[in-house]
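Trainee: Just dropping this structure here.
The values are calculated or read from the model by the stated rules, or taken from the named source; none is laboratory data. All values reported here derive from a predicted model rather than from experimental measurement. Here the Cβ is made from the backbone with ideal geometry for all residues, glycine too, and neighbour counts use every protein chain on show.
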Amino acid sequence: MKIQISGNIGEYYVQTLCMLFFPGVKFSKAESADSALSAVVSVEDMGDTVSATVTLTNERGSETASASEEKNAHAKVSSEQIACGKAFFEAGRKLTGLNPSWGILTGVRPAKLAIADLNHGKSKNEVRNALTKEYLVTPKKASLVTEIAAVEKEIIDRVKPTSCSLYISIPFCPSRCSYCSFVSFTSAKLLGLLDSYLERLCHDINETVDTIRELGLDITTVYIGGGTPTTLNEKQLQILLDAITARIDPATLEEFTVEGGRPDTITEEKLRIIHEHGVNRVSINTQTLNDDVLELVGRKHTSAEFYRAFEMARKANIPIINTDLIAGLPGEGFCSFSDTIDRIIDLRPENLTFHTLAIKNAADFAQQKDHMKSMHMFSETSKCVDYSQLSAKNAGYIPYYIYRQKNTVNNLENVGFALPGTEGLYNIYMMEEIQTIFAVGAGAVSKMVSRDGKSIERIFEYKYPYEYLADPDGMKNKEKREKSLHFYHNIW
Ligand SMILES: C[S@@+](CC[C@H](N)C(=O)[O-])C[C@H]1O[C@@H](n2cnc3c(N)ncnc32)[C@H](O)[C@@H]1O
Ligand code: SF4
């Protein structure tokens, strides 16, 4: 798709708007298969207002629309973006017949805006109205995000400014699922590096906890994420959890998560070790209970293995079990997915995380973009998402966190549900960026958040395990220490 822009509006924002109406589209200055598609965007400063005109063209024709917006220096989204978004939305709707449910909200954190409005004293009704009128969000999604923002606000208001979280990255999996959009390593060669990876990781955890203590911060949540952390064998898991609990008393934590994930990596002994070290939240995921779909996406476990792993986690007395599901997997329609939802809710995991399939270029089946473009798939997946949310609510769960990814089927969202009082706190802190997160290990990204939440600084570790291990002095970790000291002494 070709884009032509004049005026004060970012190309990235325009590209995200294009993806609302032309999912999976590639942007190119050269002639390409999608070259019938184009967007011409012009944004003009008119003094007190900003005006935008957008012309969209596809193989069927062209549509033009204009919008103007009063300037408001204090708004979270700029007047240029709102005017451009509204004009884009109108032209896109006329040209394609689509009415994207998140309107012109293109960001990954839709609750942030609603939380900011609640913090400014707006009522839930006013927040909902602003979302539907200003940002063209459908009433259903506006209600969902307002409800989530209210739950999050109560939790966020209790967070002490001197608190922080610790994320530990285990970017390894026993094998790769075809849809996966996460960085994770599966080759035998890399899995063979796990012992040295762990040694280095434990060293970095120690140094990071030293820095946290020096800064006078309290760790409130620890999250071991992946990949699949339970790819570690029993001995390796013991070493990692020993290293963490030698420095952090689990009794002082609000939450300690091990994102287990794949049922085929779970054993009774691993769960015993996890429980013994004070972990109070694990994920046991299946994505779907349809065995044909599991096989098709290469997940290498069956629904029976999921049930067995879930039962083991219950018997191990881990207080909070989370289960991840994905709507829109290839080969799965509404009947199959709604059956999965019913059966999972019957198990009553404390947390449920409903994802919508996101197609990333890196994923093995990126070529299946047509799968995303089909209208049938759009309506099936929307029904699946609606069904999951409604069923969870009817079964006593509350939605407590939300995020969006690029290239999801029909631009739909990911939502975490919890039985009241079991909300995944790390997920909220991380998503709403209200607390500093120190992250350790390959691919880890630490995020320093200032006291007023207005300044955020990201500090990146090496992305790949072999780069991480090729830095024996842990220079990146030392750099992280210097940067975080600087942040807390000068910016925080
Ligand atoms: C970092 S992954 C780790 C979970 C664990 N390895 C597993 O697969 O059970 C977290 C979750 O992201 C979701 N996920 C991964 N790839 C996705 C995609 N392409 N679209 C939507 N959700 C995805 C899955 O629900 C997965 O459980
Ligand atoms: S979905 Fe989970 S198990 Fe599958 S490749 Fe991705 S991180 Fe690994």
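Trainee: Report whether or not residue 196 is assigned to a strand (DSSP E or B) and either away from ligand 1 (no atom under 16 Å from the Cβ) or not aliphatic (A, V, I, L, M) (or both).
Mentor: no
Trainee: So which of 239, 219, 156, 212 ends up being over 26 Å from the mean Cα position of the chain (by Cα), away from ligand 2 (no atom under 16 Å from the Cβ) and either among the polar types (S, T, N, Q) or at negative phi (or both)?
Mentor: 239
Trainee: Among the residues of the stretch 267-274, is there at least one that is within 14 Å of ligand 2 (Cβ to nearest atom) and either in contact with a Leu (Cβ under 9 Å, 6 or more places away or on another chain) or within 18 Å of residue 306 (Cβ to Cβ) (or both)? Can you show your working first?
Mentor: Our first condition is that a residue be within 14 Å of ligand 2 (Cβ to nearest atom); within the stretch 267-274, this holds for none.
No - not one qualifying residue is present in the stretch 267-274.
Trainee: Also: Tell me, which helices (runs of 4 or more DSSP H) lie completely within the stretch 223-315 with 3 or more residues that are of a type in the set (Ser, Thr, Tyr) and closer than 19 Å to residue 175 by Cα?
Mentor: The helices (runs of 4 or more DSSP H) meeting that bar number zero.
Each row is one residue, and each column tells you yes or no for (1) in contact with a helix residue (DSSP H, G or I) (Cβ under 6 Å, 6 or more places away or on another chain); (2) among the hydroxyl-bearing types (Ser, Thr, Tyr); (3) in a helix (DSSP H, G or I).
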position	(1), (2), (3)
26	no, no, no
36	no, no, no
43	yes, no, no
55	no, yes, no
76	yes, no, no
95	no, no, yes
117	yes, no, yes
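Trainee: Quick check on my filter: what residues within the stretch 319-341 are touching a residue at least 40 places away in the same chain (Cβ under 8 Å) and either over 24 Å from the mean Cα position of the chain (by Cα) or not assigned by TED's automatic domain parsing to the domain that holds residue 414 (or both)?
Mentor: Once the filter is applied, which keeps residues that are touching a residue at least 40 places away in the same chain (Cβ under 8 Å) and either over 24 Å from the mean Cα position of the chain (by Cα) or not assigned by TED's automatic domain parsing to the domain that holds residue 414 (or both), the stretch 319-341 yields 336, 339.
Trainee: Scan the stretch 102-136 residue by residue and report those that are of a type in the set (Lys, Arg), surrounded by 15 or more Cβ atoms within 10 Å (Cβ to Cβ) and more than 16 Å from the chain's Cα centre (by Cα).
Mentor: Those that are of a type in the set (Lys, Arg), surrounded by 15 or more Cβ atoms within 10 Å (Cβ to Cβ) and more than 16 Å from the chain's Cα centre (by Cα): 122, 124, 128.
Trainee: Further, regarding this structure: Do any helices (runs of 4 or more DSSP H) lying entirely in the stretch 350-443 carry at least 3 residues that are at pLDDT 80 or above, and which ones are they?
Mentor: 375-394, 425-432
Trainee: Being aromatic (Phe, Trp, Tyr) and in contact with a Ser or Thr (Cβ under 9 Å, 6 or more places away or on another chain) is the filter here, so list the residues in the stretch 190-223 that pass it.
Mentor: 223
Trainee: If residue 278 meets every condition in (1) within 11 Å of ligand 1 (Cβ to nearest atom); (2) at positive phi apart from one, which number is that one?
Mentor: Checking residue 278 against (1) within 11 Å of ligand 1 (Cβ to nearest atom); (2) at positive phi, the one that fails is (1).
Trainee: If you don't mind, there's one more thing I want to ask. Can you name the residue in the stretch 166-178 that is more than 7 Å from ligand 2 (Cβ to nearest atom) and of a type outside the set (S, T, N, Q) and, of all such residues, is farthest from the chain's Cα centre (by Cα)?
Mentor: 174
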